[in-house]
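Worksheet: one structure, shown below.
The values are calculated or read from the model by the stated rules, or taken from the named source; none is laboratory data. No experiment lies behind these values; they were computed from the predicted model shown. For neighbour counting, all protein chains shown are included, and Cβ atoms are generated from backbone atoms with ideal geometry for every residue, glycine included. Keep in mind that these areas ignore ligands, DNA and RNA; they rest on the heavy atoms of the full protein, side chains included. Shrake-Rupley method; radii C 1.70, N 1.55, O 1.52, S 1.80 Å.
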Amino acid sequence: EVYSMQLKLPEYIDKPRENYLTCLIDPGVGLHTLEDMVNLAGKYIDFVKFGWGSGYITENITKKIEILMNKNINFWFGGTLFEICAYQNKIDDMVAWLKDKSVKYVEISDGNIELSHLKKLQLIEKLSKDFTILSEVGSKDATSVRSPSHWAEEIKTELSAGAWKIIAEGRETGLAGIYRSSGEVRMGLIQDIAECGINLSDIIFEAPQKSQQAWFINKVGRNVNLGNIAIADALNVACFRLGLRSDTIRFNDANLNTV
């Protein structure tokens, strides 16, 4: 006799999703590592970002893209690659290169280069004609602390210029941008952004550390968009969302559904 068990868990949202997004970062893992993870947890993964400029020099990048697309997982190349292209005046070459690889999503960022906000907005508007834009806000410099009003203004104007989602900078370490150097979430900043009338569903919060992932799921909600998730942590984030880890269990949650 075969036994089955059906737990009451929070509602799971199927793909394609506008929110509830889980975005992994590929730091340059091998094909088998990537394939094993998407076979294990593909239904819970929305995007894989090829970190920094690694996608440009990965010899088997086409095969990696095939592995992802076969599991209905989208991808994009890290914002550092965009910044290098912008700095070297290679944006048009970049566009042709991306189209050759059937890229749909492009990250626009300025965390490493001097790029006026007006120029950034112009690039968002220009590239949004051919791609879906993810625009990153926040500095990679842990000593740079921007005011909430600065964050809010950039987020609002970049969404208006044509960005689909805003990526809130946290780096792959979770020690800058929306975090203090200790890794603690700048809670006041997140609250102030929300109170400025910005819909937090328009933001992908980079949250590489498990404590950060739990904080956003508990405080913003299970549908929060999370980025810079380590490949090995895909199932961990799914467990956080579904209340299958101690950090996010809610035994008296009246909104549980059977999945």
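Being over 26 Å from His117 (Cβ atoms) and not in a helix (DSSP H, G or I): is that true of Leu244 here? For Leu244, the condition - over 26 Å from His117 (Cβ atoms) and not in a helix (DSSP H, G or I) - is met. Applying the condition of being among the polar types (S, T, N, Q), part of a helix (DSSP H, G or I) and open to solvent by 60 Å² or more (accessible area, probe 1.4 Å) to region 51-83 and asking which residue is farthest from Asn112 (Cα to Cα) yields Asn70. Check region 33-42 and report whether any residue there is assigned to a loop (DSSP other than H, G, I, E, B) and of a type outside the set (A, V, I, L, M). Scanning region 33-42, I find no residue that is assigned to a loop (DSSP other than H, G, I, E, B) and of a type outside the set (A, V, I, L, M), so the answer is no. When Tyr105 is tested against the conditions (1) farther than 23 Å from Gly30 by Cα; (2) open to solvent by 30 Å² or more (accessible area, probe 1.4 Å); (3) out of contact with any helix residue (DSSP H, G or I) (no Cβ under 7 Å at 6 or more places or on another chain), the lone failure is (1).
Taking only region 225-248 into account, find how many residues are among the β-branched types (Val, Ile, Thr) and out of contact with any strand residue (DSSP E or B) (no Cβ under 9 Å at 6 or more places or on another chain). Break it down into steps so the answer makes sense when it comes.
Here is the first cut: in region 225-248, the ones among the β-branched types (Val, Ile, Thr) are 229, 231, 237, 248.
Now narrow it down to the ones that are out of contact with any strand residue (DSSP E or B) (no Cβ under 9 Å at 6 or more places or on another chain): 248.
Of the residues in region 225-248, 1 are among the β-branched types (Val, Ile, Thr) and out of contact with any strand residue (DSSP E or B) (no Cβ under 9 Å at 6 or more places or on another chain).
Starting from residues that are in a helix (DSSP H, G or I) and open to solvent by 40 Å² or more (accessible area, probe 1.4 Å), keep the ones in region 195-224 and report whichever is farthest from Leu31 (Cα to Cα). Show your work before the answer.
Within region 195-224, the first condition is being in a helix (DSSP H, G or I), and the residues that meet it are 195, 200-202, 210-219.
Those still in the list that are open to solvent by 40 Å² or more (accessible area, probe 1.4 Å) too: 195, 202, 210-211, 215, 218-219.
Numbers: Glu195: 43, Asp202: 31, Lys210: 25, Ser211: 29, Trp215: 32, Asn218: 34, Lys219: 35 Å.
Looking at residues that are in a helix (DSSP H, G or I) and open to solvent by 40 Å² or more (accessible area, probe 1.4 Å), I get Glu195.
Inspect all residues belonging to region 34-47 and state whether any of them is open to solvent by less than 20 Å² (accessible area, probe 1.4 Å), under 19 Å from Lys99 (Cα atoms) and modelled with pLDDT of 95 or more.
Restricting attention to region 34-47, the residues satisfying the condition of being open to solvent by less than 20 Å² (accessible area, probe 1.4 Å) are 34, 38, 41-42, 45-47.
Narrowing the set further to residues that are under 19 Å from Lys99 (Cα atoms) leaves 47.
Those left that are additionally modelled with pLDDT of 95 or more: 47.
Yes: one or more hits.
Of the residues Glu158, Glu153, Glu125, Glu136, which is in contact with a helix residue (DSSP H, G or I) (Cβ under 7 Å, 6 or more places away or on another chain), surrounded by fewer than 19 Cβ atoms within 10 Å (Cβ to Cβ) and not in a loop (DSSP other than H, G, I, E, B)?
Glu125
Among the residues of region 198-220, those identified as closer than 21 Å to Lys156 by Cβ and in contact with a helix residue (DSSP H, G or I) (Cβ under 8 Å, 6 or more places away or on another chain) are Ile198, Leu200, Asp202, Ile203, Phe205, Val220.
Go over the candidates Arg245, Arg241 one by one and state the one that is in contact (Cβ under 8 Å) with a residue 40 or more places away in the chain and either within 15 Å of Glu169 (Cβ to Cβ) or surrounded by 17 or more Cβ atoms within 10 Å (Cβ to Cβ) (or both).
Working: Arg245 fails: in contact (Cβ under 8 Å) with a residue 40 or more places away in the chain.
Checking each option against the conditions leaves just Arg241.
Reported count of residues in region 188-214, each being more than 28 Å from Thr132 (Cβ to Cβ) and either of a type in the set (Ser, Thr, Tyr) or touching a residue at least 24 places away in the same chain (Cβ under 8 Å) (or both), is 4. The sole residue among Gly174, Gly227, Gly183 that is touching a Pro at 6+ places or on another chain (Cβ under 7 Å), open to solvent by less than 20 Å² (accessible area, probe 1.4 Å) and in contact (Cβ under 8 Å) with a residue 12 or more places away in the chain is Gly174.
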